[in-house]
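J.: One structure, pasted below without further comment.
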Amino acid sequence: MKVVCWTESVRPETLAGQLAERAVRPGAALRRGQLQIAPVDGSLLGNGQGSAAKMVDVLAREVEPPVGRRTGGCG
């Protein structure tokens with residue numbers, strides 16, 4: 001499982017700290033790449049315009065395994 005969290009008003013580092021304060025332990029998940037916290041303006045609003053299609057494109061790249069790890073099976 002992978003979680004992508006976009007944040008608009010809080011910096012990613014600050015949000016990770018806030019999650020930890022709420023008993024959500026983001027450290028290991030961030031290191032493993034299982035959790036990604038990114039600013040919405042850099043990932044979704046690159047040209048100043050957000051859209052559902054852009055969000056789907058970003059998510060598709062996140063869930064697609066690296067080329068060397070594609071096995072064709074479940075996993």
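J.: Quick check: anything in the stretch 36-48 modelled with pLDDT of 80 or more, surrounded by fewer than 10 Cβ atoms within 10 Å (Cβ to Cβ) and either aromatic (Phe, Trp, Tyr) or under 15 Å from the mean Cα position of the chain (by Cα) (or both)?
T.: No, the stretch 36-48 contains no residue that is modelled with pLDDT of 80 or more, surrounded by fewer than 10 Cβ atoms within 10 Å (Cβ to Cβ) and either aromatic (Phe, Trp, Tyr) or under 15 Å from the mean Cα position of the chain (by Cα) (or both).
J.: Here is a follow-up. Determine if the stretch 1-24 includes at least one residue that is open to solvent by less than 100 Å² (accessible area, probe 1.4 Å), modelled with pLDDT under 80 and basic (Lys, Arg).
T.: There is no residue in the stretch 1-24 that is open to solvent by less than 100 Å² (accessible area, probe 1.4 Å), modelled with pLDDT under 80 and basic (Lys, Arg).
The values are calculated or read from the model by the stated rules, or taken from the named source; none is laboratory data. None of the values given here were measured: they were computed from a predicted structure. Note that we place each Cβ from the backbone using ideal geometry, even for glycine, and neighbour counts take in every protein chain shown. For accessibility, only protein heavy atoms count, side chains too; no ligands or nucleic acids. Shrake-Rupley method; radii C 1.70, N 1.55, O 1.52, S 1.80 Å.
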